[in-house]
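No lab work stands behind these numbers, since they all come straight from the coordinates. It should be emphasised that the depicted structure is a prediction, and the values quoted were computed from it without experimental measurement. Cβ: placed from backbone, ideal geometry, glycine included. Neighbour counts: every protein chain shown.
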Amino acid sequence: MLRALYTFLIIAVLSGIAIWLADNPGELVMHWRGYEVRTSFVVGVGAMALAAFLVLLVYRIVVSFIETPASVSNFLEKRRQQKGFLALSRGMVAVAAGDAADAKRYAAQAHKLLDAPPLTLLLAAQAAQLEGDEAGATKHFEKMLAAPETEFLGLRGLFIQARRAGDRDGALAYARRAFDLRPQTSWAAQAVFEIEAAEEDWDGALKTLDRVVGAKLIPRDDARRRRAVLLTARAMTAAEAARGQAGDARKPAFEKAAKLALEAVSLEPRFVPAIALAAELCAKTGHVRKGMKLIEEAWSVVPHPDLADAWLDLVEDESRYARAERANALAVRNPDHLESRILVARGAIGARDWKAAREALAPYAGPAAQEQPGQRVCELMSEIEEGEYGDRGAARSWLTRALHAPEDPQWTGNGYRSPRWSPINPVTGEFDALEWTAPVMALAQNEAPVPHDISDENASGSEGPLDAPVAPAMRERGATGEALAFQPPLPDDPGPDETGDKREGENKW
């Protein structure tokens, strides 16, 4: 309705103007070079309008003629780019589908049609990886190092190529360079930290951890745990070196190791390996009472065989009776715990107090036992039977039971178990990956299925066609399940440079 009204008003206005001009025709006179031109006003205005239209038409024709080559060139360039991006898209699809031949063909087309080195070189590298041409993939990644905008992506690809080849030194060099280039990148930080820790470069790992904390890639609590483990590892190395010293140099070496262990305990007051080592080193430096206090405080919360061993060995040249008394004094702090009873039994066996030893183990090996004895309890009962009665038959019977008894907890990790703690898993090189648990329980946990979302892998930069490492902020325990810096990877894809890629994650790092 409004549109019809507007149309009517426009027609009315134009009609009014036409009627007014008809009633007032006027006259237009033009003098030019002795000529005089007379016409009505309406005809003169119409002639000028027609002349302006013709001039504008000629101008547009001339401009179009001049711009035609550039327009044709732009059209051809646009068409070239469309074909190039189409080839790039098809190449990416071929990589995702595992079609090496098509991926290689489309990568060549995209490289020829597009002036976009980051994309075309990446596609070419992925196609080479998919085809098994590791040398070709490495060559493409090396080309990326020449330009600042592609250097980081090239370093990531070269790191993964070195990791796939088992070249730990090369992988560490590329990861360090990437970490220096972009300190906020979690995969580079995690890779550097993990490789330095796997090589037992504790000083280097501590420096890397400081940079990681400064970049806020892991939480403070996780950083404290990592630092405590690294300091404990340094203390173990220093203590081993101190044992090889002689004369006056021996005590200062032990004092240096004790200082590192005590610093680790201050960061993680319930970290058993650090507490046991610190107590042992305190005893060697003449601070036995301090070592005792460390173990007494920990025993109330986390009774552990390592603490028991350190406690029994704190005092040199001690009588067996005094040793048994100290064992009882520590066990009182957590009297019902299995480790306390084993500690009392060990002290009593050393003092040949067979009755006290049997009473300590009665809940597990006596006539009214309520729980099945473990291997250590069976072995201790074998010692008691042979020591008290000289009954070798009964002793062998207990040893036979030990073969079929539930296994006692050990430091357990992926493919590894040992009664002795280590800062890394000697089998896989994982840092701080050992847990004090029964091996059978750990095996059941390892066999449990873990949900896995493939769609999240490439987006986060973890395992994909280029095996992006280490997700990743650094690995956090039980978080992302992110790959270690050195595990055999699948064919993969570096993914985005960094979208906020951490212990497994995790621990998200």
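Remarks
- Nitroxide proxy distance, nm - points 7 Å out along Cα→Cβ at ARG33 and ALA18: 3.7
- Eligible lysines near LYS216 by straight Cα distance, threshold 17 Å, same-chain separation 8 or greater: LYS207, LYS502, LYS508
- Rg and Dmax [Cα atoms of the range 283-409; Å; Rg one decimal, Dmax integer]: 14.9, 45
- Gain in span if fully extended, ARG243 to ASP180, counting 0.36 nm per residue against the direct Cα distance: 18.9 nm
- Relative to one another, the C-alpha centroids of the range 146-206 and the range 264-316 are positioned 37 Å apart.
- Calculated FRET value between LYS290 and ARG352, using beta carbons and R₀ = 41 Å, to 0.05: 0.85
- Counting beta carbons within 10 Å around each of PHE41, PHE65 and listing the fewest first gives the order PHE65, PHE41.
- For peptides 51-57, 295-301, 174-180, sequence by mean Cβ density within 10 Å, most packed first: 174-180, 295-301, 51-57
- Among the trypsin sites (Lys or Arg not before Pro) in the range 279-341, none is located in a DSSP loop while being surrounded by at most 12 other Cβ atoms within 10 Å of its own Cβ.
- Contour excess over end-to-end distance, with Cα ends at ARG250 and ASP309 and 0.36 nm allotted per residue: 19.0 nm
- Using the average count of surrounding beta-carbon atoms within 10 Å as a protection proxy, the listed peptides 191-203, 407-419 rank, highest first, as 191-203, 407-419.
- Once the Cβ-Cβ distance of PHE85 and THR437 is raised to the sixth power relative to R0 = 56 Å, the FRET efficiency obtained is 0.55.
- The coefficient of translational diffusion for the range 210-333, derived via Stokes-Einstein from the alpha carbon Kirkwood radius under 4 °C and 1.567 mPa s, stands at 85 µm²/s.
- With each label modelled as a point 7 angstrom along the Cα→C-beta vector, the ARG320-HIS404 pair spans 3.2 nm.
- Cβ crowding within 10 Å ranks HIS140, HIS404, HIS337 as HIS404, HIS337, HIS140, fewest other Cβ atoms first.
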